[in-house]
Amino acid sequence: MNGSVSDVPAPSPLSLDDALARASEELQFPSYYQSSVRPLLRNPEGRWPHCCGGGCEPCAQTLIRVAMRALDLMGTPRQSPLPDF
């Protein structure tokens, strides 16, 4: 047996709803803000917001972290560069 090959199958990608729920849970993001992340997930390569420094709740940085994790869980990570923070 080759030591570099794993018998453990790769996890299956999650649906958008499941990925968003899991990413929110992992990052302790309140579920009532999930609707703010959905536009980012529907347009993963589009223009995303950036933090304005105004103390918004939730901050764009938080939305982006949740969206990035959800995209990873769906097996479709963002390829475009993120906005500068």
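Protection proxy ranking for 49-57, 13-21, using the average of other Cβ atoms within 10 Å per residue and placing the highest first: 13-21, 49-57.
Relative to the present Cα-Cα distance, how much length would full extension add between GLN28 and CYS56 at 0.36 nm per residue of separation?
Here the answer is 8.4 nm.
Could you check the spin-label model distance between ARG42 and SER80? Points 7 Å from the Cα along Cα→Cβ, value in nm. The answer from the label model is 1.5 nm. Note on the chain: the C-alpha convex hull projects to 7.0 nm² when averaged across all orientations.
Only the Cβ atoms of Lys and Arg (+1) and of Asp and Glu (-1) were treated as charged; on that basis the dipole of the chain about its Cα centre amounts to roughly 240 debye. Computed from Cα positions, the angle between helix 60-74 and the longest principal axis of the chain comes to roughly 20 degrees. Taking amide hydrogens as placed 1.01 Å from N in the peptide plane, the amide H of CYS59 sits under 5 Å from that of no residue at least 5 positions away in sequence or on another chain.
Laboratory data are not the source of any read-out in this text; all were calculated from the coordinates shown. A quick note: this is a predicted structure, and the numbers were derived from the prediction, not measured. All Cβ positions, glycine included, derive from the backbone under ideal geometry; neighbour counts span all protein chains shown.
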